[in-house]
Amino acid sequence: MTLNPLANPKGVKLVCELCQKPAFIQCTKCRVTYYCGVEHQKADWLGIHEKICQLLIPLRTPIPFLASDEERQHRKDQLLQRQRHMIDLTRTTGQKLLFEGRHEQAVPAAMQSLRFAIEVHGLASIELVPSYLILGEASIGLGRLSQAEEYLMQAQWTVVKTPECSDAIKSKLYRNLGLLYAAKGEYEESLRQLADDIFHASMEFSPDDIRTSGGYFHMANVFFRQNRMEVADSLYARVTDSWYDYLQKIVSVRTATPIDTTGIGAIAMEINQEEEEGLDEAQEAEAKQVLNAIYDIRDQQSNKKPEIVAKICHALAMLYFILHEVEKAKEYGRKAVVTSEGNPDDDLSRSIVEFMKICDTVNEVTM
């Protein structure tokens, strides 16, 4: 990516996209984004700018004079729609980067989401909280706990001031507070916060929803650090069950109709795809992070339980099948088959065998 050095005209203040200090270079692709130096330009590009570069142009280009009220209202509605799309895109990207462990790169995405949320909703809106939480979690991952605490306190203050705040947002707040206290080594307080997370997520979704399972996963990690393995194991099993059931539903929808590109088969397949629950980018990254972490823990245990290992392998196989990574799906499917061989009549074993038959009939290119 090339950059334009700037010689700012007198009286014109251009500031860096990341730090708000005076800018001296410009993105040559969109020409509406500025940076204090190459380091911040690269950080922004890797974090979010590559995705939103062209989308920023209509948002930051001066509005032409519009004669009629109708034209002005249309422009206003169009701008609002674009801003809301940017909020969703930047938040999803930031969350995805967090699940992938790319905390530094998540910061620019979160900052953009916060900036657009402020433009749309104002400074005191509850709609800013998800962005504060991404910034907080990124700071925890980077070991900047004081900074994380500032972001989370801002989020908490906004939640307290908003009586109509949803349980979903409260859940995310308590989850991040749980992560903060865990990073500080204050495990009992971390568990209390995560218990609140699970309560509110259960109220908003259900106790077995994948959006609730994140609280159980982090709680299990705390018990794991405390060497309270029996409790940790039971929670990891619960997380596995939630993802297993959800992924199985998606696979069932995808494989319910033969893959046919003509006639009624094509119409049926299209309907199935529309009805499919699916995973967004952040959920895909979360599933990879969570299920692989649990698999690693199960795989390293000396007293492995075959049915538990088989289930996590099957869950990973279904995940990679959904992500069109068929070879990886087969790899984990084979592990599930081998692990479950001692229980040929078990429902799980039969399900694994049926899944492997599906994998064998699917071509990675045409799936």
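Any read-out appearing in this document is the output of simple, stated calculations on the displayed coordinates, not a laboratory observation. Predicted model, so just to flag it, every value in this text is computed and none were measured. Heads up, the Cβs are rebuilt from the backbone with ideal geometry, glycines too, and the neighbour counts pull from every protein chain shown.
Using the alpha-carbon centroid of each, what span in Å lies between region 112-159 and region 79-96?
If we compute the Cα centre of each part, the gap is 15 Å.
Can you put Y320, Y187, Y35, Y181 in order, fewest other beta carbons within 10 Å first?
Y187, Y181, Y320, Y35
In straight Cα distance, which lysines are under 28 Å from K311, not counting same-chain residues fewer than 8 positions off?
Leaving aside lysines fewer than 8 places away in the same chain, those within reach of K311 are K96, K172, K249, K288, K328, K330, K335, K357.
List the GluC sites (Glu not before Pro) within region 118-180 that fall in a DSSP loop (any state other than H, G, I, E or B) and whose Cβ has at most 13 other Cβ atoms within 10 Å.
E164
With springs only between Cα atoms under 10 Å, which of G178, G37, G136 fluctuates most in a Gaussian network model of the chain?
Of the options given, G37 has the highest mean-square fluctuation.
Specify the angular offset, from 0 to 90 degrees and rounded to the nearest 10, of the alpha carbon long axis of helix 129-141 from the longest principal axis of the alpha carbons in the chain.
Roughly 70 degrees between the two axes.
Reachable lysines from K13, Cα under 16 Å, same-chain residues fewer than 8 places away excluded?
List returned: K21.
First select every other residue whose beta carbon is under 11 angstrom from the beta carbon of A285; then total the charges, Lys and Arg +1, Asp and Glu -1.
Residues near A285 contribute -2 overall.
Would you work out the relative contact order for the chain, in percent, from Cα pairs under 8 angstrom that are 6 or more residues apart?
9 percent.
Return V160, V239 ranked ascending by Cβ neighbour count within 10 Å, so the fewest neighbours appear first.
V160, V239
Under 5 Å between amide hydrogens, which residues at least 5 positions from V15 or on another chain qualify, with H placed 1.01 Å from N in the peptide plane?
A23
Near K184, which aspartates and glutamates are there with a Cα under 15 Å away, not counting those fewer than 8 places off in the same chain?
E137, E149, E150
Return the single residue from Q95, Q112, Q289 with maximal mean-square fluctuation; model: Gaussian network over the chain, springs between Cα atoms under 10 Å.
Maximum fluctuation in the GNM of the chain, among the listed residues, is at Q289.
Give the order of R72, R115 when sorted by the count of other beta carbons within 10 angstrom, beginning with the fewest.
By the 10 Å Cβ count, ascending: R72, R115.
Using a simple charge model, +1 on the beta-carbon of Lys and Arg, -1 on the beta-carbon of Asp and Glu, nothing else, what dipole does the chain show about its Cα centre, in debye to the nearest 20?
Working: 41 positive and 53 negative charges, 332 e Å.
Here the size comes out at about 1600 debye.
Sum -39500 (n - 2.57) across every DSSP H segment of at least 4 residues in the chain, then divide by the residue count to get the 222 nm mean residue ellipticity, nearest 500.
After summing the helix terms and dividing by residue count, I get -22500 deg cm²/dmol.
Please list, in order along region 114-124, the HN-Hα scalar couplings obtained from phi with the Karplus expression 6.51 cos²θ - 1.76 cosθ + 1.60 (θ = phi - 60°), rounded to whole Hz, x for Gly and Pro.
Once θ is set to phi - 60°, the couplings for region 114-124 become 5, 4, 5, 5, 5, 4, 7, 10, x, 6, 9 Hz.
When ranked by the protection proxy of mean other Cβ atoms within 10 Å per residue, highest first, what sequence do the peptides 17-23, 84-90 form?
Going from most to least packed, we get 84-90, 17-23.
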